[in-house]
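The block underneath contains the structure these notes are about, expressed in structure tokens.
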Amino acid sequence: MANSGPMAPGIATIDNKQKQIKIGSILFAFVILFGFLSIPFQHGLKPAGHSLLAVLLFMVVLWVTEAVSYSASSIILIAATAVVVGFTPDGHGHIVGTTAALNMALSGFATGIWVLVACALIIATALGKTGLAQRIGLSVLYVLGTNTRRVYLGLSVMCYIFVLVVPAQAAVAVVMTAICMGIIAEYNIKNNQNFAKGMLLIVAQGSGIAGLGILTSGAPPLQADRFIGLATHHTISWIDWLVYGLPFSIAMFVVLYFLIVWMFPPEMDELEGGRQLLRSKLRDMGPMPAKEKRLLIIMVATIILWATSSIQPIDNSTVAVLAAAAILFPGIGVVSWDEIVKSVNWGTIMLFGAAISLGTYLLKTGAAAWVAKSTIGQLGFEHLPMWLVLILVAFAFGIFSLGFSARTAAVAALVPTVLGFAQNLHVANMNVWGFTLILYYAIQFTAVVPVNDPMAIIAFGSNTFTVKDMLKLSIPLVIISMLLIGLFAMTYWHWLGVI
């Protein structure tokens with residue numbers, strides 16, 4: 001085997017600079033950690049809360065600078081919590097202890113929503129491996145036709161179908177990107193054409209927007225729901241989440257659709273070859289095999305049980321476990337465990353569990369409330385109309401969320417702070433849970449460049465649109481959506497008693 005030649009000087013220089021930047025970022029994270037721990041806070045902040053905030057700041061630096069991968073950051077978060085909180089005074093002359101602190105760091109892995117997300121990734125893998133997701137996508141396009149604007153509409157409809165049946169928004173983006181790239185290849189579309197850009201920008205932004213109204217669309221909404229329930233003791237059922245979020249999600253999607261048609265008008269009105277190519281593709285797939293039929297039955301049953309969770313005794317997490325078990329069960333299963341092991345991103349599951357733990361104890365120790373009261377709570381929002389407060393605070397937390405490239409991390413860091421702020425906002429007849437739910441939407445949909453969101457990163461990998469293209473679309477989309485929050489707060493959400 002021939003030896004590879006020496007690394008080119010330019011590449012070596014870039015690699016060295018990247019290593020230096022990562023090392024510098026890690027050192028900076030430790031400076032922030034120990035610097036914050038050394039600050040004496042006298043009022044309102046418990047020692048354990050102080051330590052958890054130091055860990056949070058440490059992790060935020062690692063997440064924002066991407067000095068370590070998100071998968072690796074989950075282990076670092078667990079270790080940092082165990083050590084930093086473990087050596088924190090407990091207020092009774094002792095320290096918390098690493099055993100108690102480690103249990104704290106691992107508590108998120110013992111929650112139902114962690115199990116739900118793990119099972120959701122199994123379900124997503126099955127939909128991809130069997131080909132059912134691709135069949136659904138091609139069928140939707142075939143029904144709606146090959147007029148280019150109808151293709152945009154078809155992709156929008158697919159986003160909603162897939163977030164309903166695929167409980168992982170990043171997996172939805174993978175499926176949708178594959179479908180779009182298939183259209184580009186089949187119809188000889190160039191990657192730099194507006195039509196190609198428009199399709200993939202729908203995937204980049206639409207996968208997350210469609211998920212706003214579906215509680216089981218991924219880890220972030222489940223995470224937000226847990227934090228809301230923990231802090232307010234208010235339960236939001238699957239159907240309630242749908243009622244509160246779906247109209248806002250659709251309104252956002254309408255804005256997205258018209259912005260794309262205006263900014264990236266397709267070069268042609270009709271795709272050359274029309275429905276015939278789609279019919280040929282579906283014919284090549286053949287009749288729906290038994291595996292796809294079984295998976296379709298499992299998914300329909302799963303959605304029905306999720307939608308009726310408020311009137312039947314099986315909770316959402318158990319439903320997901322039953323679906324995953326059916327997918328793997330001998331005789332009726334559709335994928336093997338080996339296929340699951342190779343396809344599931346286990347790092348995502350690890351980060352989700354660790355992030356739940358951090359967010360939970362930021363709430364329990366009062367640290368999140370202390371941060372909110374000490375910062376945003378000093379701005380005197382109590383005297384403003386609620387719709388204006390929501391717009392201003394949504395902009396603030398939306399900007400904060402731009403520092404994260406994983407919504408799981410953003411939700412872990414920001415939703416507990418929103419809850420703390422809402423609990424200290426003395427406005428008559430305000431629902432803390434509703435206020436937080438609406439601010440969660442802002443944290444979820446605020447993504448202006450690909451690195452802000454896993455779904456956008458996946459779509460960006462298609463090499464169809466540029467960072468500038470996404471900025472051009474996303475800045476007006478986010479601004480209009482923030483104004484929509486104010487409009488919904490004055491009307492729809494007010495009528496429902498959300499706010």
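The values are calculated or read from the model by the stated rules, or taken from the named source; none is laboratory data. None of the values given here were measured: they were computed from a predicted structure. With ideal geometry, Cβ positions are generated from the backbone for all residues, glycine too; neighbour counts draw on all protein chains shown.
Side notes on the structure shown:
- Meets criteria (among the hydrophobic types (A, V, I, L, M, F, W, C) and closer than 18 Å to residue 293 by Cβ) for residue 320: no
- Residues located in the range 196-235, provided they are of a type outside the set (Lys, Arg) and surrounded by fewer than 22 Cβ atoms within 10 Å (Cβ to Cβ): 229, 230, 232, 233, 234, 235
- In the range 197-237, the residues that are within 18 Å of the chain's Cα centre (by Cα), among the hydrophobic types (A, V, I, L, M, F, W, C), over 17 Å from residue 158 (Cβ atoms) and in a helix (DSSP H, G or I): 219, 222, 224, 227, 228
- Candidates 243, 140: the one that is more than 20 Å from the chain's Cα centre (by Cα) and either closer than 30 Å to residue 417 by Cβ or not basic (Lys, Arg) (or both) is 140.
- Count of residues meeting criterion [within 21 Å of the chain's Cα centre (by Cα) and either small (Gly, Ala, Ser) or not assigned by TED's automatic domain parsing to the domain that holds residue 247 (or both)] in the range 172-188: 2
- Those helices (runs of 4 or more DSSP H) lying entirely in the range 426-499 with at least 2 residues free of Cβ contacts under 8 Å to residues at least 12 places away in the same chain and not aliphatic (A, V, I, L, M): 492-496
- Filtered residues of the range 264-298 (kept if modelled with pLDDT of 90 or more, in contact with a Ser or Thr (Cβ under 8 Å, 6 or more places away or on another chain) and basic (Lys, Arg)): 291
- Residue satisfying all of: in the range 83-135; on the phi > 0 side of the Ramachandran plot and loosely packed, with under 15 Cβ neighbours inside 10 Å; farthest from the chain's Cα centre (by Cα) among these: 93
Residues checked against (1) under 17 Å from residue 128 (Cα atoms); (2) among the β-branched types (Val, Ile, Thr); (3) surrounded by fewer than 22 Cβ atoms within 10 Å (Cβ to Cβ); (4) in contact with a helix residue (DSSP H, G or I) (Cβ under 9 Å, 6 or more places away or on another chain):
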| position | (1), (2), (3), (4) |
| --- | --- |
| 145 | no, no, yes, yes |
| 151 | no, yes, no, yes |
| 163 | yes, yes, no, yes |
| 168 | yes, no, no, yes |
| 178 | yes, no, yes, yes |
| 181 | yes, no, yes, yes |
| 187 | no, no, yes, yes |
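- The listed residue being surrounded by fewer than 18 Cβ atoms within 10 Å (Cβ to Cβ), closer than 30 Å to residue 330 by Cα and among the aliphatic types (A, V, I, L, M), out of 263, 288, 299, 268: 288
- Given (1) assigned to a loop (DSSP other than H, G, I, E, B); (2) small (Gly, Ala, Ser); (3) surrounded by fewer than 17 Cβ atoms within 10 Å (Cβ to Cβ), index of the condition residue 280 fails: (1)
- Pairs where the first residue, in the range 159-172, is farther than 18 Å from residue 113 by Cβ and touching a residue at least 40 places away in the same chain (Cβ under 8 Å) and the second is among the aromatic types (Phe, Trp, Tyr) and buried (at least 22 other Cβ atoms within 10 Å of the Cβ), C-beta under 7 Å, 6+ apart: 172/162
- Count of residues meeting criterion [among the hydrophobic types (A, V, I, L, M, F, W, C) and at pLDDT 85 or above] in the range 418-435: 6
- Residues satisfying the stated conditions in the range 305-319, i.e. assigned to a helix (DSSP H, G or I) and either within 17 Å of residue 129 (Cα to Cα) or of a type in the set (S, T, N, Q) (or both): 316, 317, 318
- Residues that are outside the structural domain of residue 181 (by TED's automatic domain parsing), touching a residue at least 12 places away in the same chain (Cβ under 8 Å) and closer than 15 Å to residue 355 by Cβ do occur in the range 81-96.
- Residue within the range 63-80 that is out of contact with any Cys (no Cβ under 6 Å at 6 or more places or on another chain) and at positive phi present: yes
- Against the test of being more than 17 Å from residue 222 (Cβ to Cβ) and assigned by TED's automatic domain parsing to the domain that holds residue 268, the options 169, 205 yield a single qualifying residue, 205.
- Against the list (1) of a type in the set (D, E, K, R); (2) surrounded by 15 or more Cβ atoms within 10 Å (Cβ to Cβ); (3) not assigned by TED's automatic domain parsing to the domain that holds residue 96, the condition residue 46 fails is (3).
- Within the range 55-84, tally of residues that are under 18 Å from residue 400 (Cβ atoms) and among the aliphatic types (A, V, I, L, M): 8
- Restricting 22, 46, 17 to those that are at pLDDT 85 or above and more than 29 Å from residue 100 (Cα to Cα) reduces the list to 22.
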